[in-house]
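Visitor: Quick one: this structure, given as structure tokens, is what I'll be asking you about.
Read-outs throughout are calculated quantities, based only on the coordinates presented, and are distinct from any laboratory measurement. Values in this document were obtained by computation on a predicted structure and should not be read as measured data. Because the Cβ atoms are built from the backbone with ideal geometry, glycine has one as well, and the counts that use them run over all protein chains shown.
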Amino acid sequence: MRFEIPAIPAAMIRRLNEHGYQAYVVGGCVRDALLKREPHDWDICTNAKPEEVIACFPDKNVAKTGLQHGTVMVIDAGEGYEITTFRTDGAYSDHRHPDEVIFVSELREDLARRDFTINAMAYHPDEGIMDFYGGQQDLANGVLRCVGVPEERFQEDGLRILRALRFAARFDFPIEEETGKAMHKCAYLLEHIAAERIFAELKGFLVGKGVGKLLIEYRDIFAQILPPLGKMFDFEQHNPHHCYDVWRHTATAVDHIAPELPLRLTMLFHDCGKPDTISMDENGVGHFHRHGARSVELTEQMLTQLRCDNKLRDQVLLQVKYHDLPLPQTASEGRKFMNKMGEEGALFSLEVHRADYMGQAPDRRPEKLAHYEQAKAVLNQLIEEEACFSLKDLAVKGRDLIDQGFRPGPPLGQILNRLLEAVLDGTCPNEQAALLSLAKEWENS
Ligand code: ATP
Ligand code: MG
């Protein structure tokens, strides 16, 4: 199997070869090129030592920040290319970072330290694919498998458990059986991994394919990284709207929303407050009064633990909070809905509702989906009309009221809010003359 390497990394390989060193592109780029996907970076490995690599590129800028791992970053045309000396890793006493890296002379040894067979291939423009661990076959069969003994590989670096889930979801590959068993067995090692690293992998996983079935099959791993999720497992809902326990419902809902991070995170967390809020009525039906608020609390805890940035956190919390809000069916309801959530939030919320319905009992789904379609039409119509749903869209400003003789001060704000209410309700059009005369009417009554 042959593929084209872009000119710059190809020239770097040639340069190293001319100086008598071996050099290959390696890892993710080889995998992606074989899958006919565009690699996002071309990493190079070589038997040249870092100082020798630097000496090969006297005409280029190099960044030496990765030097302790044997990586020299050579800059060309404003882009950095990582050139890493063949290495193995020493012992991993913290289950994450090797205590030392040891340079080796053989490509085969360098490939052996890599996590999965599909990530453990190298390529040379003349020599072709270097594949000692069955990576091409696993790629062709669509299987994610550790290089070497899975349990040992996860013991070395617990993060690989989440990398496995991320790659399985990115390529929609099943996880090979022994690799999967070792993931369950080693899940406890994730305790040692930094939150930022965990979140980075979780994000990559969530926007992948077939996420729902992985959430179910590897649920112990998700409870390990985010314990509140564990309460949802096997939690029966005792409610005619539901045919699944809370976790299965969650996994199904995740699968039914577009692979965008805020949406996927929302579906993952939206019902996490249910187990804490269940009450049973006299007919044995389960209710989850105010579970949205409890979900918000737990979601906030989990996103804080993951060191989520504020913008994403607030976006998700807003969606979780309102995931149960009835969808608007009329223009007035639509304006109020957009007032609460903003335009983008309202459109997101529509999809959150739809995904939620898709995870519920099928018998009432047609009715719920018709509701969704109607809400979508209502919101799109309002957006097209550039309807007013917040103070900034109101056709009257504080200045206009003052010009009409209203006295400046806090009551002005109250008047504006009442006018906005009237517009949202549909009792007054968003037109300046109508709004001013309404304000005067209130003033005189
Ligand atoms: P992506 O497209 O997500 O960047 P990638 O395969 O390039 O995927 P990187 O994290 O960029 O993944 O790592 C580059 C290569 O380094 C991997 O393909 C793999 O060979 C190796 N690697 C990275 N992290 C690990 C790890 N934790 N354990 C073992 N090998 C690893
Ligand atoms: Mg990469």
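Visitor: Listing E52, E38, E431 from the residue with the fewest other Cβ atoms within 10 Å to the one with the most, what is the order?
Guide: Numbers: E52 16, E38 8, E431 13.
The fewest-first ordering by Cβ neighbours comes to E38, E431, E52.
Visitor: Stokes-Einstein diffusion coefficient for region 194-384 at 25 °C in a medium of 0.890 mPa s, Rh from the Kirkwood formula over Cα pairs: what value in µm²/s?
Guide: Details: Rh = 16.9 Å.
Value of D from the Cα-based Kirkwood radius: 145 µm²/s.
Visitor: Counting other Cβ atoms within 10 Å, keep those with at most 15, restrict to DSSP loop, and tell me which trypsin sites (Lys or Arg not before Pro) in region 222-298 are left. Present the calculation step by step, with values, prior to reporting the outcome.
Guide: Working: sites: K231, R248, R264, R290, R294; in loops: R290.
Those satisfying the criteria are R290.
Visitor: Another question about this same structure. Structure shown: which of K209/K336; K213/K368; K64/K185; K60/K209; K49/K181; K185/K209 lie over 29 Å apart, alpha-carbon to alpha-carbon? Present the calculation step by step, with values, prior to reporting the outcome.
Guide: On the way: K209/K336 35 Å; K213/K368 24 Å; K64/K185 38 Å; K60/K209 40 Å; K49/K181 38 Å; K185/K209 24 Å.
Those over the limit are K209/K336; K64/K185; K60/K209; K49/K181.
Visitor: Can you give the helix-only mean residue ellipticity at 222 nm for the chain, where every DSSP H stretch with n ≥ 4 adds -39500 (n - 2.57) and the sum goes over all residues, rounded to the nearest 500 deg cm²/dmol? Intermediate results must be reported in sequence, preceding the final value.
Guide: On the way: 21 runs with 228 residues, N = 445.
Calculated mean residue ellipticity at 222 nm is -15500 deg cm²/dmol.
Visitor: Using the Cα atoms of the chain, I'd like the radius of gyration and the largest Cα-Cα distance, Dmax, both in angstrom.
Guide: 28.5, 94
Visitor: Here's another thing I want to ask about it. If amide hydrogens are placed 1.01 Å from N in the peptide plane, which non-local residues have theirs closer than 5 Å to the one on R87?
Guide: V104, D110
Visitor: Got the relative contact order for the chain handy, in percent, Cα pairs under 8 Å and 6 or more residues apart? Numbers along the way, then the final one.
Guide: On the way: 719 pairs, mean separation 37.4, N = 445.
With pairs under 8 Å counted, the relative contact order is 8 percent.
Visitor: In addition: Pop a pseudo-label 7 angstrom from the Cα along the beta-carbon direction at both Q155 and H97 and give the gap in nm to one decimal.
Guide: It is 2.2 nm.
Visitor: Apply the a/c threshold of 1.5 to the C-alpha gyration tensor of region 7-141 and tell me whether it is rounded, prolate or oblate.
Guide: It is oblate, given that a/c is not under 1.5 and a/b is not larger than b/c.
Visitor: Mind jotting down the distance between the C-alpha centroids of region 1-19 and region 127-168, whole Å?
Guide: One Cα centre to the other: 25 Å.
Visitor: Given axes a ≥ b ≥ c from the Cα gyration tensor, I'd like to know whether region 317-378 is rounded (a/c under 1.5), prolate (a/b larger than b/c) or oblate. Don't skip to the answer; put the middle values down first.
Guide: Details: a/c = 2.42, a/b = 1.39, b/c = 1.74.
Oblate is the answer for region 317-378, as a/c is 1.5 or above yet b/c matches or exceeds a/b.
Visitor: Turning to a different aspect of this structure: In whole angstrom, how far apart do the alpha carbon centroids of region 289-335 and region 385-445 sit?
Guide: When both Cα centres are located, 30 Å separates them.
Visitor: Restricting attention to region 98-190, which GluC sites (Glu not before Pro) occupy a DSSP loop and are surrounded by at most 11 other Cβ atoms within 10 Å? Display every interim value, and only then the final one.
Guide: Values: sites: E100, E106, E109, E127, E151, E152, E156, E176, E177, E178; in loops: E100, E106, E127, E176.
Taking region 98-190 and a limit of 11 other Cβ atoms within 10 Å, the loop GluC sites (Glu not before Pro) found are E100, E127.
Visitor: Under the classification rounded if a/c is under 1.5, otherwise prolate if a/b is larger than b/c and oblate if not, where does region 67-212 fall, given a ≥ b ≥ c as square roots of the Cα gyration tensor eigenvalues? Before the final figure, lay out the partial values.
Guide: Values: a/c = 1.42, a/b = 1.23, b/c = 1.16.
Note, shape of region 67-212 comes out rounded.
Visitor: For region 393-444, what are the per-bin percents of Cα-Cα distances with bins 5 Å wide, up to the bin holding the maximum?
Guide: Calculated P(r), rounded to whole percents: 4, 23, 38, 25, 8, 1.
Visitor: Using Cβ contacts closer than 10 Å as the measure, can you line up D131, D110 from fewest to most? Display every interim value, and only then the final one.
Guide: Numbers: D131 21, D110 26.
Final ranking by Cβ density, sparse to dense: D131, D110.
Visitor: Which of H19, H242 comes first, and how do the rest follow, when ranked by fewest Cβ neighbours within 10 Å? Present the calculation step by step, with values, prior to reporting the outcome.
Guide: Numbers: H19 15, H242 18.
Ordered from fewest to most neighbouring Cβ atoms within 10 Å, H19, H242 come out as H19, H242.
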